[in-house]
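The values are calculated or read from the model by the stated rules, or taken from the named source; none is laboratory data. None of these values were measured; they are calculated from a predicted model. Ideal geometry is used to build each Cβ from the backbone, glycine not excepted, and the neighbour counts take in all protein chains shown. With ligands, DNA and RNA removed, areas are computed over all heavy atoms of the protein, side chains included. Shrake-Rupley method; radii C 1.70, N 1.55, O 1.52, S 1.80 Å.
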Amino acid sequence: MSSMAISQGWTLTLRSGRGPDGTAVAVPDGIPDHVPAEVPGCVHTDLLAAGLIPDPYVGCNEQQVQWIGETDARYRTSFAFVDEGHERVDLVAEGLDTAATVSLNGAVVGRTKNQHRTYRFDVRALLSPGNQLVVDLDAPLRAARESEQRIGVKPLVGDALPYNALRKMASNFGWDWGPTLTTAGIWRPIRLQQWSTARLASVVPTVTVDERGRGRVTLSVDLERTGEQDVTLDALLTAPDGTTTSATATTTHDAAELSFTVDEPELWWPRGHGEQPLYRLVVRASAGGVELDAWSHDMGFRTVEVRVEPDEHGTSFEFHVNGEFVWVKGANWIPGDCFPSRMTPQDYERAVQGAADAGMNLLRAWGGGIYESDDFYDACNRQGILVWQDFQFACACYSEAPEMWQEVEAEAREHVARLAANPSLALWSGGNENIEGYYTWGFKERLAQGEGWGGRYYDELFPAIIDEIDPGRAYIPSSPWSPNDESHPTLPDHGPVHSWKVWFSVDYLEYRSAIPRFVAEFGFQAPANHATLMPAIHDEHPAPESPGMLNHQKAIDGNLKLERGWVGHVPTPAGFDDWYFTTQLDQARAISCAVSHYRSHAPRNAGYIVWQLNDCWPAISWAVIDSGGRRKPLWYALRRLNAPRVLLLQPREGGVALIVSNDSAQPWCDTVEVRRTNLAGETLASEQVAIDVAPRSGATTVLASPLQAPVDASQELLVASCSSASDAGRAWWWFVEDLDLRFLAPSLRTDVRRSEQGYGVVVTADALVKDLVLSVDRLDPSAIVSDQLVTLLPGESYTFSVTSTADLDPAALTSPPVLMSVNHRAHPRSEAVSA
């Protein structure tokens, strides 16, 4: 077998289309007939590279490129073909976006209508030494409308464009965190593949580990053949220490099975529970001693169970890996760029590393995006991040018409097989909020009696495909999901829920009103870090309501919801810099409130998946890490709460309680000191709490009465400390909100020192200072700071480590708006005094 990428010499030609009302949508003047094109890529990226459109991520430029979604596109290239004498020559398109007609030397070889599929065409009879390949792409918005006319209009969230009528990335059509940039293009590689006798159509390893610790790998191999000749399959498994195990089979059929055992393999564990040893599996097909094809992938030995069982609280939803309960600390993953072809292996590695560095152990690949690149899953395998994988269905009803069913079945079969080897893959879900939408958003009432809405995909097709191809893999029909009654998918006592009430309508303290078994979505917004968002905002006077800012806030009434978030908690911002600090602080506090509550109730609560880890563009959004890869203050708050050994102070029926959460493999035996102090740092009452907490468990102690009874709540707080907590972390309890705390002015002494990495910024508090944030990216966009949201008692010091090669001004580095705290909000004119 040989393979040749067709990636050079492409040109793009655009043709005018027609909008939804039938009026012509012209290609703007100045766009040439032939634009140099890059494959993989899309129309937007090609026009952007040629300087023919403005950057749609900047200002309000998004509105200036909407015509692209209504125009047809033609990609054309020429290539030479050297015939190696093989029986078959296939044109393999790994990703065409979306409604495409593929022609070779003037002959149509195929038509496609699914961005999520690989297509393969036998083109041997059409090839010559010199060849012309043309891919004609229908205007994506028109293609969606025409599909909707054929298969029927189905309800979808809000007034969104008809993304549910086309097998295409849903968020491409606009979402409440991303722009409307409806793409067309050859978004994944296209190549020419020559082969004879047989090729490996798919290789699916099923891995088990029995009670004696013996591993078994069963390989299901599907072959595409040109004849009935004997084909030999050789499988070789190489362990991390270099030892090998092998198996061989010879077959004249289209499928074969090989298996072998490994005594006491090294087990793969999620992050925080052990190491991630990866075994290299190679499968080769040969005939008559000649290699025909080869496949290779990393794999790991582990067992994964998702336990859904009735108990005294309702119905559990727990992840168990290698028999051990895993309290999930996760985030939802969306496409990392509106134009996914721009994502590199390094981009995926950095993003997944960001989750790992925050102490996370799971990412949910959300159902409104794409089946991700292998680079994403490879990074998760290496870094011990479990993957919850949605099928690509989100917030809508979907037609079950034959033309749609055929495409959905093909994509599901492809990706269930493709992803099966990944040890990180823990769970498949039928999609995102589709069952919830059907039963609780009024979708059902808008459909005729008995009309298909996608339910057969979730209840019949997907589980059947998984049972056939990847048996034993956990599956649920949707998220959220109630195991006992799918018509009520938001019941907190049963299965995974999505908790959006706080964002939409109530104070974040409402998170404490329920103890959900598992939370698969919840979130609160904040702007991207300054160095990410502000270069994309070209407003003369940036403000929350200025045009560019509003264009990067896609949530309905998003700014009003941000305002409601701080009301009653912190002072109203006095200006744009105050607004920036306040909204990022409020995001961190809202999510910290939720996560602290959930963790304090483990294992009844079995974990969380925050919305969302990443961003696709510079935005005001729910992301933990912005599109520039910069970590918001929330990231630092989650890193503390995800640590193995954490102290929490939480409300309980008897008052404030100390929760000692030990998510480590060792017992935690020590003494925790809990003090009631005033803002001057004087101890008013204290208690020594002896702890002996088993691994992967927690202990709750309601505090003694003297700690519970402040004399003046506006000047008192509780602080719990233990030197053996992760990073010597402390827990804080404030009897009143910041609005009612009698903060002293932020009397800070600072000392900026050069270091090998950049700078050490030493901050010493003469009075209690709450939630110090050092937004060093305002001075150096490439700078990284070691921590955020640091609270200091009087007399305490903290050194922020700043990684930077820039020549930074110490005065700017230690003054607002770079160095901020809640005290600065209460006393806006106060500044630090440099040493």
Roughly speaking, what is the centre-to-centre gap between segment 638-668 and segment 363-395 when only Cα atoms are used, to the nearest Å? 29 Å
At the level of C-alpha centres, the distance separating segment 101-147 and segment 492-560, in angstrom, is 41 Å
Non-local amide H neighbours of Ser259 (under 5 Å, H modeled in plane, Pro and chain starts lacking H): which ones? Leu219
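Hull surface divided by four, with the convex hull built on the Cα atoms of segment 621-705: how many nm²?
8.2 nm²
Estimate the FRET efficiency between His320 and Asp29 by the formula 1/(1 + (r/R0)^6), using the beta-carbon distance for r and 60 Å for R0, to the nearest 0.05. Walk me through the numbers before you get to the answer.
Values: r = 62 Å, r/R0 = 1.03.
Step by step, r from the Cβ atoms, then E = 0.45.
In Å², what does the accessible area per residue of segment 234-327 work out to with a 1.4 Å probe? Don't skip to the end; give the middle numbers.
Details: 4440 Å² over 94 residues.
In whole numbers, segment 234-327 has 47 Å² accessible per residue.
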Largest first, what is the accessible-area ranking of Arg742, Arg676, Arg117, Arg604 with a 1.4 Å probe? Arg742, Arg604, Arg117, Arg676
Please give the per residue accessible area of segment 512-626, computed with a probe of 1.4 Å over protein heavy atoms only, in Å². 27 Å²
The rounded separation in angstrom of the Cα centers of segment 749-813 and segment 55-75 is 41 Å
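Once you order the gyration tensor axes a ≥ b ≥ c over the Cα atoms, which shape class does segment 254-404 get: rounded for a/c under 1.5, otherwise prolate or oblate by comparing a/b with b/c? If you can, show how the numbers build up before the last one.
Working: a/c = 1.41, a/b = 1.17, b/c = 1.21.
Rounded is the answer for segment 254-404, as its axis ratio a/c remains below 1.5.
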Surface accessible to a 1.4 Å probe, per residue, for the residues of segment 36-148, Å²: 36 Å²
5 angstrom amide H check on Ser755, placed H, neighbours 5+ away: Gly760
Asp807: net charge of surrounding residues, Cβ under 13 Å, Lys/Arg +1, Asp/Glu -1, itself excluded? -1
Taking Cα atoms only, Rg over Rh for segment 336-396 with Rh from the Kirkwood formula is 0.96
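Between Thr440 and Val702, what is the FRET efficiency for a Förster distance of 41 Å, r being their Cβ-Cβ separation, to the nearest 0.05? Show your work: numbers first, answer last.
On the way: r = 38 Å, r/R0 = 0.92.
The value I calculate is 0.65.
Where Lys and Arg each count +1 and Asp and Glu each count -1, what net charge lies around Ser546 among other residues with Cβ under 15 Å from its Cβ? Spell out each step's value before the answer.
Numbers: positive: none; negative: Asp539, Glu540, Glu545, Asp577.
Its environment carries a net charge of -4.
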Relative contact order of segment 4-62: what whole-number percent is it, with Cα pairs under 8 angstrom and at least 6 residues apart? 30 percent
Table column - 3J(HN,Hα) (Hz), segment 562-572, Karplus curve with 6.51, -1.76, 1.60, x for Gly and Pro: 4, 5, 4, x, 8, 4, x, 10, 9, x, 5
Over segment 776-823, one equal point on each Cα, no solvent: what is log10 I(q)/I(0) by the Debye formula at q = 0.14, 0.27 Å⁻¹? -0.37, -1.20
Any idea what the dipole of segment 179-272 comes to, in debye rounded to 20, about its Cα centre with Lys/Arg Cβ at +1 and Asp/Glu Cβ at -1? 500 debye
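Cα convex hull of segment 273-320: mean projected area in nm², to one decimal? Can you show the working numbers first?
On the way: hull surface 22.9 nm².
Averaging across all directions leaves 5.7 nm² for the Cα convex hull.
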Evaluate the distance, in nm, between pseudo-label points positioned 7 Å from the Cα of Glu257 and of Glu451 along their respective Cα→Cβ axes. 4.4 nm
Determine, at each q value in 0.20 (inverse angstroms), the log₁₀ of I(q)/I(0) that the Debye formula gives when each Cα of segment 115-269 is one equal point scatterer. -1.16
Count the lysine pairs in the chain whose Cα atoms lie under 29 Å apart, taking only pairs 8 or more positions apart in sequence or on different chains. 26
Find how much the distance from Ala249 to Glu211 grows on full extension, using 0.36 nm per residue of separation minus their present alpha carbon separation; answer in nm with one decimal. 10.9 nm
Provide the solvent-accessible area of Met4, counting protein heavy atoms only and rolling a 1.4 Å probe, rounded to the nearest 10 Å². 70 Å²
Tell me the mean residue ellipticity at 222 nm calculated for the chain from its helices only (DSSP H runs of n ≥ 4, each -39500 (n - 2.57), averaged over every residue, nearest 500). -5000 deg cm²/dmol
For the chain, whose charge dipole is built from +1 on Lys and Arg Cβ atoms and -1 on Asp and Glu Cβ atoms, the candidate among Ser147, Leu47, His530 with its Cα farthest towards the positive end is His530
May I have the extent of the alpha carbons of segment 480-629 along their three principal axes, as whole Å values ordered from largest to smallest? 55, 31, 26
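Could you tally the net charge around Tyr279, taking each other residue with its Cβ under 15 Å from the Cβ of Tyr279, Lys/Arg +1 and Asp/Glu -1? Can you show the working numbers first?
Numbers: positive: Arg214, Arg216, Arg280, Arg302, Arg382; negative: Asp241, Asp263, Glu264, Glu266, Glu275, Asp298, Asp378.
Net local charge, Tyr279 excluded: -2.
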Most positive-pole-ward Cα, Ala198, Ser482, Leu550, against dipole of the chain from beta carbon charges: Leu550
Over all directions, the chain yields a Cα convex hull whose mean projected area in nm² is 37.1 nm²
Segment 252-410: relative contact order in percent, alpha carbon pairs under 8 Å with at least 6 residues between: 19 percent
Please tell me the relative contact order of the chain in percent, rounded to the nearest whole number, where contacts are Cα pairs under 8 Å and at least six residues apart. 9 percent
Under the Karplus curve 6.51 cos²θ - 1.76 cosθ + 1.60, θ = phi - 60°, whole-Hz ³J(HN,Hα) for segment 199-207, x wherever Gly or Pro sits: 9, 7, 6, 7, 10, 10, x, 9, 10
Ignoring ligands, DNA and RNA, what percent of the accessible area of segment 473-577 is carbon or sulfur (1.4 Å)? 57 percent
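Could you tell me which of rounded, prolate or oblate describes segment 165-231, using a ≥ b ≥ c as the square roots of the eigenvalues of the alpha-carbon gyration tensor, with rounded for a/c under 1.5 and, failing that, prolate when a/b is larger than b/c and oblate otherwise?
Numbers: a/c = 4.20, a/b = 1.45, b/c = 2.90.
Cα axes put segment 165-231 in the oblate bin.
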